[in-house]
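Everything on this sheet refers to the single structure shown next.
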Amino acid sequence: MAAYGLYTHIASNKFRSVLLLAGLFLLVYVMVYAGALIAQVVIDAGESTNDYLVAAARDLIAAFPYATGAALLWIAIAYFFHQSIVDAVTGGEDVTRQQQPRLYNLLENLCISRGIPMPKLKVMESEALNAFATGLNRRQYAVTVTSGLLKYLNDQEIEAVLGHELTHIRNGDVQMMVIAVIIAGVVGFFAELFFRSFFNFNWRFGGGSWSSSSPSSSSDNDRKGSGGGAVIVMIVAIALIALAWLLSQLVRLALSRSRELLADAGSVELTKDPDAMISALRKIENRGELPGATSAVMELCVDNPREGFADLFATHPSVDARVRALVKYAGGHDPGPLPLPYDSGEQQEPTSDTADGHIQGPWGPWSDARSAKGSSQNDVARPWGDSEGPWGPH
């Protein structure tokens, strides 16, 4: 499906994602077939390779409705309880307008401006800078942000992050990712189960038939042939399980990578402020690690600092790549990596109070953002002032 604009890119991406999810679901049956091969060898190690393959195919047909039912049951359980599981892992808690008026108003304004139903709003206590959306239907949608994000980002940047997560909800990315994680979880669970069972047998499936000898030379040759067939089938089964697991992980990660750029673009469409999205990404960069969060939760976040082998297992494009796209297609400006005003990794220089009661500090454009008497977060000014922008006059 060719894509020529933002909305056709979204439609094209959805079409490819549906195909990937269908392929992901087929991996469940590949796992069942591999399990059937192993079961046939365990039951009788005296058959030929072709007999094993045919018998396993018959087993797959017989087990098809049960495998489908088990996968659908797994999906149903996750459908109703995935949000509770995510909240238990992250510690996210529902907040109201009274508890978080600044954050609630920013999200509500975005939803009203585009006629989007207001999702639940959650905050998790963490110094990490990150946010993510969850939910499989309108009643379940939720946006979770960290307390660190509220602490270090100004209103425009937080609005851009919220727009990013709302775009994931609008585009159906959240449902796709949750379902992909669930199905990949099924494949991963049975892959681990098969491998544990296999190694617990200590490679002795039908071992007596493979290695035993007999006074009769003809029967000995038959057993050698059948034993060789069992070994080949076991190798095929193990290879299928390993391949299914690897493909399930790659498909899951590909779904996440392909959607982040569109979510960034959707945020700019909502806020009309590409610079806010860029500066938010630059502040979040390498500061988004959620302690104790599973890889599935990190894949849902604005940024996932966990890296894989040569980007093969990277769930998100790099921040540099995302910023380049925003500069090229949205007309934004890249300030480069941004320090935080109170970054724990940086040594703070002494500060002094000026006559007008503001703190004078070493943080450049942020030095006038807060009053020495303790201004509220609602009073945080744009970090670049009101005239020239963070990158000087254009």
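The values are calculated or read from the model by the stated rules, or taken from the named source; none is laboratory data. Keep in mind that this is a model prediction, so the values were computed, not measured. Every residue, glycine among them, receives a Cβ derived from its backbone with ideal geometry; neighbour counts consider all protein chains shown. Ligands, DNA and RNA are stripped out before the accessible areas are found, and what is left, the full protein with its side chains, is counted by its heavy atoms. Shrake-Rupley method; radii C 1.70, N 1.55, O 1.52, S 1.80 Å.
Descending by average beta-carbon neighbour count within 10 Å, the peptides 22-28, 274-280, 172-178 line up as 274-280, 172-178, 22-28, the highest first. You can think of it this way: the chain between Arg139 and Lys151 has 1.5 nm of extra reach, that is 0.36 nm per residue less the Cα-Cα gap.
With R₀ set to 22 Å, the beta-carbon distance separating Ala88 from Ser295 gives a calculated FRET efficiency near 0.85. Placing Phe190, Phe64 in order of accessible area, with the largest value first and a 1.4 Å probe, yields Phe64, Phe190.
In terms of the mean number of neighbouring beta-carbon atoms within 10 Å, the peptides 124-132, 47-55, 67-75 order highest first as 124-132, 47-55, 67-75.
Going by the alpha-carbon gyration tensor, a ≥ b ≥ c the square roots of its eigenvalues, is the range 98-140 rounded (a/c under 1.5) or, if a/c is not under 1.5, prolate (a/b greater than b/c) versus oblate? Cα axes put the range 98-140 in the oblate bin.
The accessible-area ordering, largest first, of the residues Val251, Val302, Val42 stands as Val42, Val251, Val302, per a 1.4 angstrom probe. The accessible-area ordering, largest first, of the residues Arg138, Arg196, Arg282 stands as Arg138, Arg196, Arg282, per a 1.4 angstrom probe. Report P(r) for the range 39-102: all Cα-Cα distances, bin width 10 Å, range 0 to the bin holding the largest distance, values in whole percent. Distribution as computed: 17, 22, 19, 16, 13, 7, 6, 0 percent. Model label sites at Arg324 and Tyr104, defined 7 Å from Cα along the beta-carbon direction, differ in position by 4.3 nm.
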